[in-house]
Amino acid sequence: MTQKPDSLPQDGSESLVAEGTSANKLDTYGDMTTNSSLLLRLFTSQFFDSWLAVSYLFRYPHIPGVQHYLCNELRKFPLEEVEFFLPQLVHLLITRPNESTAIESLLLDMSLQSSHVAMILYWYLQAYLADLAPNPRTVPFKHCQRMFNQVQELLFTDIAPELIIDTAEPTQHA
């Protein structure tokens, strides 16, 4: 089934298939040459939200440009809104490793902003390490271990004062 390039699906699905393009090819390889203008149009529309960003991160996991664009867009949403998708982001980071560091960078930035997010991320990564431990030579294990060590360092070492993001107002001592 094909769809005209200038129309969005009416059934609520996110399928953006350019006329004459195989939907299977788009789903499998993310053929950006035929639908990049449609994606950009969707990403800049009023309908774009954090859920769409995360769902398209899953849809195009091996295209670094899309990954970086979507992670930069996720940074624009409130931290609490993106924190809701932390399990999905960690799952994507571990189960679909690629050359892009966009998701890793996003998660580390979120961890710098909130020790709460850092602690939750630490626990998720710890659970993945336990699951992946029978195969320590796999890419997902090594990737998870590296990320776990970075988050652990953020949580349990002293950070230079200029790196601490302090949102509390200074208190006056009498």
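The values are calculated or read from the model by the stated rules, or taken from the named source; none is laboratory data. Remember, it's a predicted structure, so these values are computed and weren't measured experimentally. Cβ coordinates were reconstructed from backbone atoms using ideal geometry, including for glycine residues, and neighbour counts include every protein chain displayed. Note: areas computed on protein heavy atoms with side chains; ligands, DNA, RNA excluded. Shrake-Rupley method; radii C 1.70, N 1.55, O 1.52, S 1.80 Å.
Scanning the stretch 110-145 for residues that are open to solvent by 50 Å² or more (accessible area, probe 1.4 Å) and under 15 Å from the mean Cα position of the chain (by Cα) yields a single hit, Tyr124.
Scanning the stretch 105-148 for residues that are assigned to a helix (DSSP H, G or I), small (Gly, Ala, Ser) and either without any contact (Cβ under 8 Å) to a residue 24 or more places away in the chain or farther than 21 Å from Ser50 by Cα (or both) yields Ser115, Ala127, Ala130.
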